[in-house]
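Right, one structure below, let's go through it.
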Amino acid sequence: MGRGDQRSKRGKISRGTSGKTRPNPKQKKRARAAKRKAAAVKQA
């Protein structure tokens, strides 16, 4: 676990990539919107 590990946050930072452990802002925004939509559908 460290800079060479592709799945750790530190490894993602060193490679400049994003994913599950280090989502980029657009991914976070989409996830929040989907969560809100699911909650609205469940409530109705």
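Bear in mind that the values in this text are calculations on the coordinates, not laboratory data. What you see is a predicted model; the values in this text were computed from it and never measured.
Numbers for the structure displayed
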| item | result |
| --- | --- |
| 0 to 90° range, to nearest 10: angle between helix 25-43 axis and the chain longest Cα axis | 30 |
| Calculated from backbone phi, Karplus (6.51, -1.76, 1.60) coupling profile of the range 8-15 in Hz, x at Gly/Pro | 8, 4, 4, x, 5, 5, 5, 7 |
